[in-house]
Every structure is written in structure tokens, then in C-alpha cells.
Amino acid sequence: MTIKAILFDFNGVIINDEFLHEKLIEQVLIDENLLLRPGEYNQFCLGRSDRACLEGILTERGRYINEGYLDQLIKRKALAYQQQLESLEELPIYSDTIDFISQVAQANLKMAVVSGALRSEVELVLNKANLIDFFKTIIAGDDVEASKPKPDAYLLAVNILNQQYPDMNLQPSECLAIEDTFAGIEAAKLAGMSVVGVAHTYPFHMLQRLANWCVDYLSDLELDRIQKVDQQINS
């Protein structure tokens, strides 16, 4: 089948802000009299929503949690994230991703963001980076109950794109997902999509074992070549 849509993860693919999220999760835990343990952020948070991240860590620590409590922690972190972004002189947007977005736009393929981040965070960054016009479809962490590695967000993206473009009749197999984490790759594959792993967060050799394709930089990704290989696989 021909690829009709490119679905982008957000943190670690469009913006290089995992360091900031780790710092803010650490501060949230400190406020709850807990310390973030080595490796804990990668285990519970990379590729996942803030809700899944905090729920995983707090459950691991034996804390009693409910939705209202999690909502308060998430709101506190979201406010701190916005304040941190406003203090930056320049957004840490991946230049290779910007090049690739231009390549996709020239190929007249549909684009969407599929992320565990809050919608407010995604839209804030895309607006500040002048990228919002490329992404009429945004599936954020607060749009689905199940975080990656569940496929819900990717399947919802297909449904929304089909509502926006009824004549496209988009199928998951006609989507190419761009991911940088294990949880994200698993989510896209469970949704029935091919996945490109970009080595922004994990080394190339680790992503290569899981993704259909792997690149160090998205600007190295050749859409024409992927289209041809995908057509051969599905013919």
C-alpha cells in the first residue's frame, strides 16, 4: 500500500525536551517527599503520558493515588513546563525534523502529531516554532485514556484523519509513524503501522531491533525509498 500519512511523536522527535520533563517530574516527586531513582524516568516515563508516568512511579512506591490527586500533580507540572519554555531564549526543536516536515509537505502527505504530552504543551510549542499549520490533527495525552505503548492514540489519529478527509479512506497500514522510544514504537506497531525509529533518545542499534527503519537524523530519511519498499512488502 502507498503511504498516505506521516504521524509524528512529539517529545524526542519534534522537540528535544526530555531533559526538561525529567527535571520537572523529579521536582513533582520531591514535593511529594520522594526522590527520583536512577533509571526510573526511562522505565516509567519515556514515551508515555505524564499520567502513566506518575501513576507508575507512585504505584511502585506504594503510594495511594486517585484521579483527583494525579490531576493536581499533572496541572502543577504543566504550569512549570510552560514557565520553563517561556524562559528559554530558543526552543530546542530538532532541525532534522524541520527538514523532514518540509519534505513531507512537498510530497503532499497528511501529517499529524500523536503524543502522550498534554495538548496545551503540544500546541504551545508548535505555535512558538511556527509549525502549527502543518498539523491540523493533534492527538495528545489527554485525548485518550490508555497511554503508549497501547495503540489507542494512533488508532484515534486514523479515525480523526478520516473525518477530516473522508475521501482518503485511510488505513493504519497506510501510515508511517516517527518514534524515538520503545513504548512509542510498540504502540504504532500494535496499531498496524510501519515505524521509523529516530535515534534522538536511544542509540541507533537499540531502535533498529524494533523499528521497521532506523535513522540517526530524520533528514536522512528517503520517503521515496520507503514508499517503494512498503509497496513491495504489501504487494
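Extension gain Glu60-Tyr165, at 0.36 nm per residue separation less the Cα-Cα distance, in nm?
Full-extension gain reported as 33.5 nm.
In what sequence, largest accessible area first, do His21, His200, His205 appear using a 1.4 Å probe?
The ranking, largest first, comes out as His205, His200, His21.
Would you kindly state how much longer the chain becomes between Ser219 and Ala107 on full extension, computed as 0.36 nm times their sequence separation minus their alpha carbon distance, in nm to one decimal?
Value of the extension gain: 38.9 nm.
What accessible surface, in Å², does a 1.4 Å probe find on Tyr94, ignoring ligands, DNA and RNA and rounding to the nearest 10?
Rounded to the nearest 10, that gives 30 Å².
Under a GNM of the chain (C-alpha, springs under 10 Å), which listed residue has the highest mean-square fluctuation: Gly184, Gly116, Gly192?
Ranking Gly184, Gly116, Gly192 by mean-square fluctuation puts Gly192 first.
Taking the solvent-accessible surface of protein heavy atoms with a 1.4 Å probe, what is the per residue accessible area of the range 17-87 in Å²?
Per residue, the range 17-87 has an accessible area of 54 Å².
Please report, as a whole percent, how much of the solvent-accessible surface of the chain comes from carbon and sulfur atoms (probe radius 1.4 Å).
46 percent
Taking 7 Å along the Cα-to-C-beta vector as the label spot, tell me the Asn127-Gln227 distance in nanometres, rounded to one decimal.
Placing both labels 7 Å beyond Cα along the Cβ direction yields 3.5 nm.
Positive end of the dipole of the chain, charges at C-beta (+1 Lys, Arg; -1 Asp, Glu), about the Cα centre: which of Cys45, Leu131, Leu161 has its Cα farthest in that direction?
Value: Leu161.
Given the chain, what percent of its DSSP beta bridges are antiparallel, to the nearest 5?
Here the antiparallel bridges make up roughly 5 percent for the chain.
Go through the range 81-94 residue by residue and turn each phi into a ³J(HN,Hα) via Karplus (6.51, -1.76, 1.60, θ = phi - 60°); whole Hz please, and just put x for glycine and proline.
4, 4, 5, 5, 4, 5, 7, 6, 5, 9, 5, x, 7, 5
Leaving ligands, DNA and RNA out of it, rank Tyr69, Tyr41, Tyr64 by accessible area with a 1.4 Å probe, largest first.
From most exposed to least exposed: Tyr64, Tyr69, Tyr41.
In whole Å, what is the distance between the alpha-carbon centres of the range 74-107 and the range 1-72?
Taking the Cα centre of the range 1-72 as reference, the centre of the range 74-107 is 17 Å away.
The values are calculated or read from the model by the stated rules, or taken from the named source; none is laboratory data. In this text, all values refer to a predicted model and were calculated from it rather than measured experimentally. Cβ: placed from backbone, ideal geometry, glycine included. Neighbour counts: every protein chain shown. The accessibility values were calculated without ligands, DNA or RNA, using every heavy atom of the protein model including side chains. Shrake-Rupley method; radii C 1.70, N 1.55, O 1.52, S 1.80 Å.
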